[in-house]
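See below for the structure under consideration.
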Amino acid sequence: MKFKPWALPAMCIYCLLISATSIKVCPNYGEGESKYKSEIISATNTISPARLNFFQRVMVRLFVKKYKKAHRDDISKADNLANTSLVSGVAALVFLVTGLFVPYVVLATIPAAIIAMITGGAAIRKGTKNIGKAKTGKAFGLGALIALGVLIIVAAIIVSNSDWW
């Protein structure tokens, strides 16, 4: 693992920014309870820039900048997952319809539909901006699997009632 030079100052600044706690002895305590209780002494849960010194403000700005960049990358990955979900869902429906005319193509419906549902769910969990594409891909994948199941049941009924055997 590579050593990150910013980690030590960051941990020191984090320790400086933690709320102070005080431990006091409680005279009335029940059996099984500790007679020492801790209370957090903190007026607010926010950090105001006026209270931070120069180095602390620089570190906070660096962390915010890094967080924004990482968050932006996560959103773009989620958008790619939403697009993949839509394309896989449409492909599952195309494989289903093509499978009616070309033998064994219908079997490609199953993995395409499963990929569509998985990537659509992952895109929604990661907070995509293209939530419509993700939900549509999931719906197409689920619809293709349900239609495939109905198609298999209908084919089984037709084969069982025919006099081919």
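The values are calculated or read from the model by the stated rules, or taken from the named source; none is laboratory data. Because the structure is predicted, anything quoted here is derived from the model rather than measured. Methodologically, a virtual Cβ is constructed for each residue, glycine included, from the backbone with ideal geometry; neighbour enumeration extends over all protein chains shown.
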Regarding the stretch 83-106, can at least one residue be identified that is in contact with a Ser or Thr (Cβ under 6 Å, 6 or more places away or on another chain), farther than 30 Å from Ala155 by Cα and buried (at least 18 other Cβ atoms within 10 Å of the Cβ)?
yes
Filtering the stretch 51-74 down to residues that are surrounded by 14 or more Cβ atoms within 10 Å (Cβ to Cβ) and at pLDDT below 75 yields Leu52
The number of residues in the stretch 124-139 that are crowded, with 24+ Cβ neighbours inside 10 Å and either more than 19 Å from Pro111 (Cβ to Cβ) or not aliphatic (A, V, I, L, M) (or both) is 3
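This table checks each residue for (1) β-branched (Val, Ile, Thr); (2) out of contact with any Phe, Trp or Tyr (no Cβ under 7 Å at 6 or more places or on another chain); (3) without any contact (Cβ under 8 Å) to a residue 24 or more places away in the chain.
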residue: Leu81; (1), (2), (3): no, yes, no
residue: Leu86; (1), (2), (3): no, yes, no
residue: Gly89; (1), (2), (3): no, no, no
residue: Leu96; (1), (2), (3): no, yes, no
residue: Val102; (1), (2), (3): yes, yes, yes
residue: Ile110; (1), (2), (3): yes, yes, no
residue: Leu142; (1), (2), (3): no, yes, no
residue: Ala156; (1), (2), (3): no, yes, yes
How many residues does the stretch 97-145 contain that are assigned to a loop (DSSP other than H, G, I, E, B) and under 16 Å from the mean Cα position of the chain (by Cα)?
5
How many residues does the stretch 144-154 hold that are in contact (Cβ under 8 Å) with a residue 12 or more places away in the chain and surrounded by fewer than 21 Cβ atoms within 10 Å (Cβ to Cβ)?
4
With respect to Ile152, determine if the residue is in a helix (DSSP H, G or I), at pLDDT below 95 and on the phi < 0 side of the Ramachandran plot.
yes
